[in-house]
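Single-structure report; data block below.
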Amino acid sequence: MLPLLLFLLAAAAASGPAAAQGLPPLPIGVNYGANADNLPSPAAVATFLATKTTVNRVKLFDANPAFLDAFAANAPAISIAVSIPNSALPAFADRAAGLDAARGWVRDNLAAHVAAGANVTLLLAGNEILGPTVVPDLVVALLPAMRRLHQALQLEGLPQVRVTTPHYLGILAPSDGIPSNARFRPGLDAKVLAPMLRFHNDTGSPLMVNAYPYFSYNAQNLNYAVFRPNAGVYDPATKLNYTSMFDAQMDAIYTAMKKLGFGDVQIAVGEAGWPTQAEPGQVGVGPEEARDFNAGMIRVCSGGKGTPLMPGKTFETYIFSLFDENQKPGPIAERNFGIFNPDFTPKYDLGLLRDGSSASASPNPSPNPSPKPSPNPSPSGGGKWCVAKAGADATTLQNNINYACGFVDCKPIQSGGGCFDPNNVQSHASFVMNTYYQANGRHDSDCDFKGAPASSPHHPPGLSHGNAGRLILPGLRHILLYSCLTPMLLAMHTH
């Protein structure tokens with residue numbers, strides 16, 4: 001039995017740390033804006049992304065020839081999404097001359113760069129035409145322009161380039177945040193979005209949305225917004241519990257599309273991100289929050305996890321943004337969404353560097369493990385695990401999770417994390433309670449979780465009534481049952 005146990009522990013050690021840090025490096029797209037005076041050259045950017053990162057897509061905000069030439073010469077494998085300005089759309093929509101105008105734009109702005117090696121795969125007809133700022137003439141022109149552009153690309157020998165347009169989430173009607181209640185805004189649903197979805201369905205292009213939980217969060221729902229452990233939002237119609245606002249937003253879009261009969265159309269994320277700096281005193285903005293949100297989004301969109309209503313799917317996604325843009329107008333946050341510094345060092349660790357060295361620039365991923373750590377702990381529970389009692393109620397366990405996650409790293413139980421599944425409060429509580437127990441010296445009292453006085457230096461105070469934790473001496477059955485805890489056991493035996 002002992003050799004088998006040691007073999008299982010060694011195998012778990014090989015996989016455990018990776019699970020604790022999240023999934024292996026995953027491909028993702030980035031928005032590459034240049035409204036700044038301190039950025040490296042387009043050629044240097046293209047070379048860096050192609051040779052040093054797992055970034056496999058970029059979204060450009062115009063058809064700047066310097067950028068297209070740089071990617072053609074230095075990063076031909078990276079897919080490029082090119083944006084057309086809103087003001088150009090009415091010319092393409094014209095019934096008499098629109099197709100000629102679209103063909104001329106494609107010839108003048110894309111064809112030569114694609115021939116030289118630029119891997120253009122998406123053409124974006126404007127940006128957020130349907131709101132928040134609505135220009136009626138542009139709304140009327142949008143779909144006809146998309147159709148002309150699609151025709152032009154076919155005629156100019158670029159059939160691989162798909163056509164879409166990014167939307168803000170306000171295309172959804174106001175609702176209570178429950179995904180199953182989502183629908184598109186009246187006036188847009190049947191007249192604009194239904195024929196647009198038919199265009200996407202017919203041409204194989206995605207509906208693109210700019211999904212920003214950042215613009216919907218507050219101090220109370222911050223954890224829900226940045227993929228941190230939380231009680232979640234329950235959808236009674238689907239019986240699904242959402243622990244991520246991003247997942248809920250994606251499933252709301254999916255639900256609205258499905259209600260119009262187009263649930264098979266792919267969804268792409270044109271922009272999503274979190275700033276590292278905002279107005280003084282604003283809660284929930286910093287490198288840690290930005291890292292947690294973007295890492296969670298990458299796991300959902302690129303890791304094959306998908307969302308509760310779209311499990312196992314991946315989504316073409318572009319993080320906003322590659323760099324901070326110090327000349328952008330507006331609030332401080334608008335200038336601080338970047339994930340890399342101008343010298344190509346990461347602002348925080350997202351695991352996007354091929355050599356893995358991005359971790360050196362990350363913020364401290366784990367707070368101090370205890371509010372009052374013992375200077376010379378005398379473990380009374382060496383070799384034991386602390387797991388949730390089978391009879392503990394869900395509210396008690398969730399309270400324990402909320403408390404302990406203030407002192408230990410809970411990323412593995414976040415959506416997409418290595419220990420997120422099985423997704424139930426019992427399993428999550430066992431992981432968090434054991435992490436807390438191990439970090440605080442493995443005193444038996446560290447597993448009580450029963451609301452002892454705050455004066456107790458080793459006990460989590462003010463949690464719940466009744467003991468919610470139990471200590472076990474793990475054997476093979478426990479290793480199989482609590483596989484996410486196994487690397488901790490190995491660590492105990494190596495100290």
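Could you tell me whether residue 267 is within 22 Å of residue 171 (Cβ to Cβ), among the aliphatic types (A, V, I, L, M) and at pLDDT 95 or above? Against the criterion (within 22 Å of residue 171 (Cβ to Cβ), among the aliphatic types (A, V, I, L, M) and at pLDDT 95 or above), residue 267 qualifies.
Among residues of the range 342-381 being more than 18 Å from residue 290 (Cα to Cα) and at pLDDT 50 or above, the one that is least open to solvent (accessible area, probe 1.4 Å) is 356. From the list 429, 452, 392, the lone residue that is under 17 Å from residue 469 (Cα atoms), modelled with pLDDT of 80 or more and assigned to a loop (DSSP other than H, G, I, E, B) is 392. Mind listing just one residue for me: the one in the range 218-252 that is farther than 20 Å from residue 395 by Cβ and more than 15 Å from the chain's Cα centre (by Cα) and, of those, least open to solvent (accessible area, probe 1.4 Å)? Out of the qualifying residues, it is 252.
Set side by side, the residues 192, 135, 140, 163 differ, and just one is open to solvent by less than 30 Å² (accessible area, probe 1.4 Å), touching a residue at least 40 places away in the same chain (Cβ under 8 Å) and over 30 Å from residue 238 (Cβ atoms), which is 163. Of all the criteria given as (1) closer than 29 Å to residue 288 by Cβ; (2) surrounded by fewer than 21 Cβ atoms within 10 Å (Cβ to Cβ); (3) not basic (Lys, Arg), the one not satisfied by residue 204 is (1).
Among residues of the range 170-184 that are within 17 Å of residue 210 (Cα to Cα) and among the acidic types (Asp, Glu), none has a beta-carbon under 9 Å from a residue that is open to solvent by 20 Å² or more (accessible area, probe 1.4 Å) and at pLDDT 95 or above at least six positions away or on a different chain. The residue list 62, 69 contains one member that is under 31 Å from the mean Cα position of the chain (by Cα) and buried (at least 17 other Cβ atoms within 10 Å of the Cβ), which is 69.
Any chance the range 77-91 includes a residue that's surrounded by 16 or more Cβ atoms within 10 Å (Cβ to Cβ), over 22 Å from residue 207 (Cβ atoms) and under 30 Å from the mean Cα position of the chain (by Cα)? Yes, the conditions are met somewhere in the range 77-91.
Residue count for the range 93-131 under the criterion of being under 20 Å from residue 208 (Cα atoms) and either open to solvent by less than 10 Å² (accessible area, probe 1.4 Å) or at pLDDT below 95 (or both): the result is 9.
In the range 253-309, which residue that is closer than 18 Å to residue 183 by Cα, out of contact with any strand residue (DSSP E or B) (no Cβ under 6 Å at 6 or more places or on another chain) and among the aliphatic types (A, V, I, L, M) is surrounded by the most Cβ atoms within 10 Å (Cβ to Cβ)? So the residue we want is 257. Looking at this structure, is residue 339 open to solvent by less than 40 Å² (accessible area, probe 1.4 Å), modelled with pLDDT of 95 or more and among the β-branched types (Val, Ile, Thr)? The answer is yes for residue 339.
Looking across the range 21-59, the residues that are in contact with a Lys or Arg (Cβ under 9 Å, 6 or more places away or on another chain), open to solvent by less than 40 Å² (accessible area, probe 1.4 Å), at pLDDT 95 or above and farther than 15 Å from residue 118 by Cβ come down to 28, 29, 30, 31, 33, 36, 53, 54.
The values are calculated or read from the model by the stated rules, or taken from the named source; none is laboratory data. Because the structure is a prediction, the values reported are computed rather than measured. Methodologically, a virtual Cβ is constructed for each residue, glycine included, from the backbone with ideal geometry; neighbour enumeration extends over all protein chains shown. For accessibility, only protein heavy atoms count, side chains too; no ligands or nucleic acids. Shrake-Rupley method; radii C 1.70, N 1.55, O 1.52, S 1.80 Å.
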